[in-house]
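Any read-out appearing in this document is the output of simple, stated calculations on the displayed coordinates, not a laboratory observation. In this text, all values refer to a predicted model and were calculated from it rather than measured experimentally. No Cβ is skipped: glycine too gets one built from the backbone with ideal geometry, and neighbour counts run over all protein chains shown.
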Amino acid sequence: MNYTYFYKHCYDTPSDLVMAGVYDVLISSYSCDDRVSQPWNYISSQRKIWVVNPICPNLDKKPDAEEYILNDYSSYSQILDFVDVMKITPSMRICIDSTGFVIPVLYLLIKCFQLKGILKFDVIYSEPQKYINAEGTSFSEGCYGVSQIIGYAGAHVPDMSRDLLIVASGYDDQRICDVANEKKSAQKVQLIGFPSLQADMYQENMINTCNAESALGSDCLEHMDRNIFSPAYDPFVTAQAICEFLIKKQAKRPYTNIYIAPLSSKPHALGIALFYLWEQGHHKPMSVIYPQCKNYITENSEGIGCIWRYEFQLPPYKL
Amino acid sequence: MTNPFNITKAVDFTNEEINRYWTNINGDRGFIEILKPWSLMPIIIKGSKGSGKTHVMRYFSYELQKIRYGSHLTEGLNNDKFLGVYIRCSGFNSSKFTGKGLTEEEWELIHQSSWELWVGDRLCHYLSDLRFCGALSENDEKTIVNGILRLLPDHKKWDVNSLSDISFLFTNLLKNIDYEIQNFLFRDDKKPRFELLIPSPRLTFGIPNLLHETVDFFKDKYIMYLIDELENFSEKEQQLIQILIREKPTSCTIRVGTRPYGIRTFEILKAIEENRQDSEFELVELDDILRHSDGYEDFIRELCSKRLEIYGYGKNINIEELLENPSYDYTLNKILKKKALNGKGYFNRLRFNLEKFCVAKEKINEILSLLSFDNIIIERVNVMMFYRRWKSGKIKDFVQIASSIRDEAFTYASGKDCESEHAKILEKYKIDIIDILSREGREPQPTWGFGKFVALSCGTPRTILNALKHAFKYESFNKGLDPFREGRKLSVEAQLDGVRKAADWFFQDNRILSEQSQSITDSLIRLGDYLRKLRFSDIPPQCSINIFSVRKEQMSALAKMVFTTLINHSYIVKAGERRVKNSQDVQEVYQINTALLPRWELAFGKRGLVEIEDVLANCIFEPNQKDSYEKIVKQKMNDYNAPFEGEASQSIEFDF
């Protein structure tokens, strides 16, 4: 499997999204960020559905459209019901704007699609021009635990002698510490976004990652070549990079348990999800873990950079 | 150039490294005395992050026994009389054992089964290794395999012939449970289908009993379960461990490692009964033991010495000799070198306070001139005495106050009269005076030298390793040279950087996983801020402000919860007891973790106790009380800061 064969398209402005064609359904998670509202306006679709978090600010400014209200992010059953409730079928041309989604919800939505046989769909992602507080930008607050994401949890083994944690390291150094401390006995490897979304974001990212050194261990900061690098905007190269890393490292001796934490860019998170689903991670001792937080902050950027459209294909689900 | 202090966590060590870096603490048998492997009484070891409990527990695991004894494994185990089975609770990913439409009872059995298969797998894995090493015979293996199969429901259907087969079987059964838990929701019927469920303690106790009764090698030995990271189990899951503690047979014993906040219950399943300390188990508070151990300083010395030896610096190197440790004159000279404006901030402040009190400019100049002295320490004491006399109000003439202080200063300087006020203040406040001078002169507080590093660590070896790691890094980066070679030492600047980074690390690494984590940390910041304000006030109420007391029983429920959380996460530690003034009562005394003291420039020695009143305690520890806190503290500080005005201003009696 070579994930780099998947197609992706880049648009300079939101208005160029009309070139993507007409969809049957557009699904977006509401946020008043321009990165969410502008693509919403320009993508052509017969139906447009907002996935709404009731505590999201500025809900009164939300354009009228179909809504699916999530009572809380941990309510997996609501997300699992989404496809049936909103009557989405595999024959439809579907687009998900991933930009405003929080990771656990996005992941479960993709899993839900796989379960329902919706194996081909487009995913949109709009890059920010900058984060409002540069390296000081907050992305979450009030973390109360780290757990496996439903649908992305494998069957683990008691032998923990060679566990691996791949941390897709983003700006949120506190969350990096939280996941690294959760799996403290595991060897840590970072997945770093390079090239970054914008030129200075790599440095901002590294400043924050260094704050998590005590949890990550000095090894993955002092020996940068031991980490995985992939473009922060490319889920397919990300999936491929993880795949190649694991093949190489497990050539002599397999890892006992593998954990992956998608804490960096949305395309990185999409790549991890893609990799997991194609690798049938649920049959392996491999899980995606994520911090559970009181609040995930999605409105923390300014401007719109490039907009990407990724053509996702998933394998059929095998129980 | 490799940093000998790079690795600070036991989990980052391989088994070989645990063995190589192992350092025991002096006194009786050291850590062996703490873990008491010869005792069948279960022990719960509470230790904060970095206290060394994982290190100690892993040391007694089978993996380390094997490394320690090498080709003499059988003799070694005969000597030890136990086989250590190390189990890490974090591997269970225990957040999965909840919800998903299953009942509590169903989850109880599933969790128990996971536990049994996990323990069974580990134990069979070690037994298989013993068979491979020749400690167990072929007959022994057959006996054990058949005996274990009889413990399983439907044992006849399992086609296993060896211990490694059984270990493999258990791994697969466990994987089946894990798989079903994670994926049954995606079935149409949403029902899990488990191959096998085993209630506790079928294998946990069954296998040790079987070994003890039927295998010669184990007739005089027992299994020691080393259950680490208990804080990763929920309350319900911990009830299983409490049952194991309560009902364990003589063929095995249990050691449980947990963070102070990690014990959620002592109740056994269905809350029928509760385990009690010294009845069902012993409780060991590891960092408390280390903090108060006479051997702690030598232990740290030995720990560092071992690392330096492994990294090729030579044998028996004393880390103390590798750290620059100038006297206080180093700081004082730096302050004196600064221009008067920056160097003598206390005079600037005094001028400002007198101006606020509408004292004429000429008088202020006269006062400052009278208080000036050749010796900067005596000069600063003069200023403190001036403030005290201003506060007392017995003499209203400031020039007269300054003049008499000047005379007393000369008398003291010429004869060092022990009964003079100067002498008494210096006896109690000298360290404070130096720290105050540092702060006022914009110099860092003198936090260098091995003694200070040991004090900083607060019984947690990882803190000192972190400080040394960052100090080494700072020095090697700035000078491009190995700090410990060719007679070099870690400079004061490097040590200060190490101390700063260790404090930052503590905050970052010890973060409380809670929705209210930010407000809980804010409480700590308010506490530190208040103690700092007192310490650096014009007339500090106590010397070496560091320890404090609160009346926990008078706190609001919310404040108490926050306070207890801070203690459980070792941000605040217990610092003994003190007798309440003018009373027979004894109260508990607390201290901010010494790793964090430099953050608020607090003293290291435990001397002057600050009693925090109930109202203030609630303002400090209740969330969202910032405004109330600031209002109360502002009023309180009128007692300690010139011009000593305001409603709350009261007279203060100093015991020097």
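Between segment B:310-337 and segment B:57-114, what's the alpha-carbon centroid distance in Å?
Distance between centres, Cα-based: 44 Å.
Can you compute log10 of I(q)/I(0) for segment A:121-163 with the Debye formula, treating each Cα as one identical point scatterer, at q = 0.14, 0.28, 0.31 Å⁻¹?
At q = 0.14, 0.28, 0.31 Å⁻¹ the computed log10 ratios are -0.77, -1.06, -1.12.
From the residues B:Val492, B:Gly480, B:Gln518, which one has its Cα farthest along the dipole of segment B:466-575 in the positive direction, the dipole being from +1 and -1 charges on Cβ of Lys/Arg and Asp/Glu about the Cα centre?
Ranked along the dipole, the leading option is B:Val492.
Cα convex hull of segment B:105-262: mean projected area in nm², to one decimal?
If I average the Cα hull's projected area over directions, I get 10.3 nm².
Step by step: find N for segment B:497-570, compute 2.2 N^0.38 Å, then divide the Cα radius of gyration by it. What's the final number?
1.25
Lys/Arg Cβ at +1, Asp/Glu Cβ at -1, dipole of the protein assembly as shown taken about the Cα centre: which of A:Ala168, B:Ser392, A:Pro39 is farthest positive-ward?
B:Ser392
With viscosity set to 0.890 mPa s at 25 °C, what whole-number translational diffusion coefficient in µm²/s follows for segment B:1-121 from Stokes-Einstein and a Kirkwood radius over Cα pairs?
Roughly 143 µm²/s, to the nearest whole number.
Please compute the Cα-Cα pair-distance distribution of segment B:404-507 with 10 Å bins starting at 0, giving whole percents from short to long.
Using 10 Å bins, I get a P(r) of 14, 31, 25, 15, 13, 1 for segment B:404-507.
Along the charge dipole of segment A:115-225, pointing to its positive end and built from +1/-1 on Cβ of Lys, Arg, Asp and Glu, which listed residue (A:Tyr144, A:Leu115, A:Met206) has its Cα farthest out?
A:Leu115
Strictly greater than 18 Å: what percent of every Cα pair in segment A:181-248 meets that?
Summing the P(r) of segment A:181-248 above 18 Å gives 42 percent of all pairs.
Give me A:Tyr131, B:Tyr69 sorted ascending by neighbouring Cβ count inside 10 Å, so fewest comes first.
In order of increasing Cβ crowding within 10 Å: B:Tyr69, A:Tyr131.
If you place +1 on the Cβ of every Lys and Arg, -1 on the Cβ of every Asp and Glu, and leave all else neutral, what size is the dipole of segment A:33-118 about its Cα centre, to the nearest 20 Debye?
In debye, rounded to 20, segment A:33-118 gives about 320.
Thinking of segment A:70-223 as a set of Cα atoms, what percent of all their pairs are more than 25 Å apart?
The proportion of pairs with Cα distances above 25 Å equals 44 percent.
How big is segment B:292-400 along each principal axis, measuring the range of its Cα positions in Å and listing the largest first?
So the extents along the principal axes, rounded to whole Å, are 67, 34, 22.
What Kirkwood radius, in Å to one decimal, follows from the Cα pairs of segment B:196-288?
Answer for segment B:196-288: a Kirkwood hydrodynamic radius of 14.3 Å.
Which pairs, out of B:Lys469/B:Lys552; B:Lys9/B:Lys489; B:Lys236/B:Lys574; A:Lys188/B:Lys248; B:Lys46/B:Lys606; B:Lys489/B:Lys574, put more than 27 Å between their alpha-carbon atoms?
Check vs 27 Å cut-off fails for B:Lys469/B:Lys552; B:Lys236/B:Lys574; A:Lys188/B:Lys248; B:Lys489/B:Lys574.
Give, rounded to the nearest 20 debye, the magnitude of the charge dipole that the protein assembly as shown has about its Cα centre when Lys and Arg contribute +1 at Cβ and Asp and Glu contribute -1 at Cβ.
The dipole magnitude comes to about 1000 debye.
For chain B, report the translational diffusion coefficient in µm²/s to the nearest whole number, using Stokes-Einstein at 37 °C, 0.692 mPa s, and a Kirkwood Rh over Cα pairs.
Estimated diffusion coefficient is 115 µm²/s.
Would you mind calculating the relative contact order of segment B:1-139 from Cα pairs under 8 angstrom and at least 6 residues apart, reporting the percent as a whole number?
Taking the mean separation of contacting Cα pairs over the length of segment B:1-139, I get 19 percent.
Arranged from highest to lowest average of other beta-carbon atoms within 10 Å per residue, in what order do the peptides B:380-390, B:178-188 appear?
Packing order, densest peptide first, comes out as B:380-390, B:178-188.
Give me the inter-chain shielding for A:153-165: mean count of other chain Cβ atoms within 10 Å, whole number please.
The mean count of partner-chain Cβ atoms within 10 Å per residue comes to 6.
What average count of beta carbons from other chains do you get within 10 Å of the Cβ of residues in B:175-185?
So the per-residue partner count for this stretch is 5.
Given the C-alpha atoms of chain A, compute the convex hull and give its volume per residue in Å³.
125
Grab every C-alpha pair in the protein assembly as shown, bin the distances at 10 angstrom width from 0 up to the longest one, and report whole percents.
In order of increasing distance, the bins hold 2, 10, 17, 20, 19, 15, 10, 5, 2, 0, 0 percent.
Write down the Kirkwood hydrodynamic radius of segment A:161-285, to one decimal in angstroms, obtained as one divided by the mean of 1/r over all alpha carbon pairs.
One over the average 1/r among Cα pairs gives 14.4 Å for segment A:161-285.
Å³ per residue of the Cα convex hull, for segment B:533-606?
112
So what is the orientation-averaged projected area of segment A:12-118, using the convex hull of its C-alpha atoms, in nm²?
Projected area, direction-averaged: 6.5 nm².
So for segment B:475-535, Kirkwood radius off the Cα pairs, Stokes-Einstein at 10 °C and 1.306 mPa s: how many µm² s⁻¹?
Answer, rounded: 110 µm²/s.
Around B:Glu105, under 11 Å between beta carbons, what's the net of Lys plus Arg minus Asp minus Glu among the other residues?
With Lys, Arg at +1 and Asp, Glu at -1, the neighbours total -1.
Compute log10 of I(q)/I(0) for segment B:422-571 with the Debye formula, placing one identical point scatterer on every Cα and leaving out solvent, at q = 0.17, 0.18 Å⁻¹, to two decimals.
Each listed q corresponds, in turn, to -1.15, -1.22.
Counting only Cα, what are the radius of gyration and maximum Cα-Cα distance Dmax of segment A:217-277, in Å?
Over segment A:217-277's Cα set, Rg and Dmax evaluate to 12.0, 32 Å.
Could you give the distance between the Cα centres of segment A:175-212 and segment B:458-508, to the whole Å?
23
Bin all alpha-carbon pair distances of segment B:153-212 at 10 Å intervals from 0 and give each bin's fraction as a whole percent.
P(r) for segment B:153-212, in whole percents per bin: 19, 44, 27, 9, 1.
Dipole magnitude of segment B:469-603 about its Cα centre, charges +1 at Lys/Arg Cβ and -1 at Asp/Glu Cβ only, in debye to the nearest 20?
The dipole of segment B:469-603 has a size of about 180 debye.
If only Cα atoms are counted, what is the Rg of segment B:123-179, and what is its Dmax, in Å?
Rg, Dmax (Cα atoms, Å): 11.6, 36.
What does the charge count near B:Arg535 come to, summing +1 for each Lys or Arg and -1 for each Asp or Glu among other residues with Cβ under 10 Å from its Cβ?
0
Report the relative contact order of segment A:116-247, percent, no decimals, based on alpha-carbon pairs under 8 angstrom and at least 6 residues apart.
Contact order relative to length: 23 percent.
Net charge near A:Cys112: determine it from the other residues with C-beta under 15 Å of the C-beta of A:Cys112, scoring Lys and Arg +1 and Asp and Glu -1.
Within the 15 Å Cβ shell, the charges total +3.
Arrange the following residues from fewest to most other Cβ atoms within 10 Å of their Cβ: B:Glu247, B:Glu440.
Lowest to highest Cβ neighbour count: B:Glu247, B:Glu440.
Evaluate peptide B:2-8: per residue, the Cβ atoms of other protein chains within 10 Å of its Cβ; return the mean as an integer.
Taking the mean over all residues of the peptide, I get 2.
On the Cα set of segment A:134-195, report Rg and Dmax in Å, please.
Both quantities, over Cα of segment A:134-195: 13.4, 42 Å.
If you wrap a convex hull around the C-alpha atoms of segment B:504-656 and split its volume per residue, what is the figure in Å³?
115
I need B:Phe205, A:Phe121 ordered by Cβ neighbour count within 10 Å, fewest first.
Final ranking by Cβ density, sparse to dense: B:Phe205, A:Phe121.
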